[in-house]
Every structure is written in C-alpha cells, then in structure tokens.
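Undergrad: One structure coming up, written as structure tokens, with questions to follow.
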Amino acid sequence: MVRAAGFDGSASSDPIGTILGRTLRGVETTASDGWFVTLEGPEGSGKSTQAEHLSAALRATGHEVVVTREPGGTAVGERIRSALLDGAPGAARIDARTEALLFDAARAQLVDEVVEPAIRRGAIVLCDRFADSTVAYQGYGRGLAIEALRFVEGFATRGRRPDLTILLDLPVELGLRRKSPDEQTRFEGLDIAFHQRVRDGFLALAAAEPERWVVIDAAQDAGEVREAVLAAAVARLPARMAAAARAAAAASIAAAVRR
C-alpha cells in the first residue's frame, strides 16, 4: 500500500484543523441541517454521470439538491479550473505545490459561495471531487506531504468535510481508455505509475475512514454502478430526513433497476 509522507517523512495521521500540535485558526467545523456527499475516483470512473443520476433520485425525496464540481462550481473556480487542467500542447508547466494551492483556492471559494450556504439551508450537496482528490493526486500521486495538504485544506474549507464519500474505483488502464479526446487534461498525460499511485491513495483513504467512505466497483455495468451508488446514499440518509424521503429514494432505485 502506498503511504504518503508527513513533514518529517513519517506516515501522516491526516489531522484536520491541527498540525504538529498547533491549532489552525479559521477552522470551524459547523453543525449543519443539510447533507454533504462527494464522489471521488480515478480518471474515467464516471463521477459526473453518477452525480446526475444520484441528484435525480435524491430530488425525488423532496429535498433540494445542489450539484457542483471541483475545481470549479463558481466563476472564480472555473477560471482556476481552466488553468489547472489545460492539457494543450505548450501549456505552462505547473509545480505540484502550485497545483495544490490552486485547488484549495478554488475550494475555498466553492465552500464559501456554494457548499456552506446550501448546507445551512438544509440542502443536499453533491460534489464531483473535493479535498480527498488533492490528497490522492498531489499527495499520493505527486508525493507532497499529506500533513501539509490537510493543513491548507482545513483553512480553505473551514473544517467542512463530507458526510459521505462514494469512491468509484476501477483499474487505471480502463479508466484512461474511457476518456474521450475532448476530455483530456494535463493529468491524463501522466504515466500509468502516477495514476496507480492515485488509485492506491484513494483506496488507502477509504480504508482509513470506513465510516465515511463507500467503495463501489466502477468497472461493472453502468446500470449496476448506478444502482450501487443510489443504494449507498439511501442507506446513509441522515435520521433527520423523513421516512417518506427514504421511501421515495427507494422507489427511484427500483425504477432505475427496471430500466
């Protein structure tokens, strides 16, 4: 299993809001009336497609559902996204630390402008990637210190973490084959070893927090993946969400299976 290094080269404990015994000012994990769900995975795992299906099913429960993505989701974030993902020939090289900081800059704007307001008013937020992607790509993939990444993450998000993270896992070769030419970014151009480290990183993160993560085999039939994602979400609907919402979501799953 891949292990990412801490500041001193040791394995990281991934603290949120504290680092090396110091509290990070500005981090304030808040109570919420809503529900924050993220979808993670290697390239080509189908996160965007599954976010669409899941949002439709959850809207059938009668709840407001906000779908967003990283990097992006805001005017500022989309501009950062363009700079980060530009894979065109001749695109400027971006240092790994710069990548991480830009992702967190976009993330800070997304949390402030989209995520927190939605959660505070009781909405369900579905986000295509979040902070765990930075740990997987820039930490496990690029080799940056996990503690440093989590430190900056805590500042950028004010301690906001997902209530549920669904990992769509599949072999890296299969995922890269699924990406069409117009979906190519600077990351698809990196070698297989990089993408394998990213996948291993996601699996390590999921193993470390099984209460938050659900791992789904994204190599299976698309309908089976959709069914598994919906089932995982419905099983973890917060108790504060009505029984009627569970029934509506279950009906949506049944309809999806019939299709």
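Undergrad: Could you pull out every residue, at least 5 positions away or on a different chain, whose amide H is within less than 5 Å of the one on residue 36? Hs are placed 1.01 Å off N in the peptide plane, and Pro or chain starts have none.
TA: 125, 163, 164
Undergrad: Test of understanding: ordering 135, 225 by Cβ neighbours within 10 Å, fewest first, what list do you get?
TA: On the way: 135 25, 225 21.
Starting with the residue having the fewest Cβ neighbours, the order is 225, 135.
Undergrad: A further question follows. If you project the alpha carbons of region 92-140 onto their three principal axes, what span does each projection cover, largest first, in Å?
TA: The Cα atoms of region 92-140 stretch 40, 18, 13 Å along their principal axes.
Undergrad: Can you give me the pair-distance distribution of region 33-75, C-alpha pairs, 5 Å bins, whole percents?
TA: Final binned percentages: 5, 19, 29, 25, 16, 6, 1.
Undergrad: Arranged by the count of other C-beta atoms within 10 angstrom, fewest first, what order do 63, 195 take?
TA: Working: 63 18, 195 22.
Going from least to most buried by this count: 63, 195.
Undergrad: If you don't mind, another one. Going by C-beta contacts inside 10 Å, put 68, 157 in order with the fewest on the left. Could the numbers behind the result be given before it?
TA: Numbers: 68 20, 157 23.
In increasing order of surrounding Cβ atoms, one gets 68, 157.
Undergrad: Sticking with this one: Which of the listed residues, 100, 185, 174, is farthest toward the dipole's positive end in region 86-215, when Lys, Arg count +1 and Asp, Glu count -1 at the beta-carbon?
TA: So the residue furthest toward the plus end is 100.
Undergrad: Classify region 131-243 from the C-alpha gyration tensor, please: rounded if a/c falls under 1.5, else prolate or oblate depending on whether a/b exceeds b/c. All intermediate terms of the calculation are to be shown ahead of the outcome.
TA: Values: a/c = 2.12, a/b = 1.14, b/c = 1.86.
Oblate.
A short reminder: the numbers here are calculations on the coordinates, not readings from a lab. The shown structure was predicted, so the numbers you read here are calculated from the model rather than taken from an experiment. With ideal geometry, Cβ positions are generated from the backbone for all residues, glycine too; neighbour counts draw on all protein chains shown.
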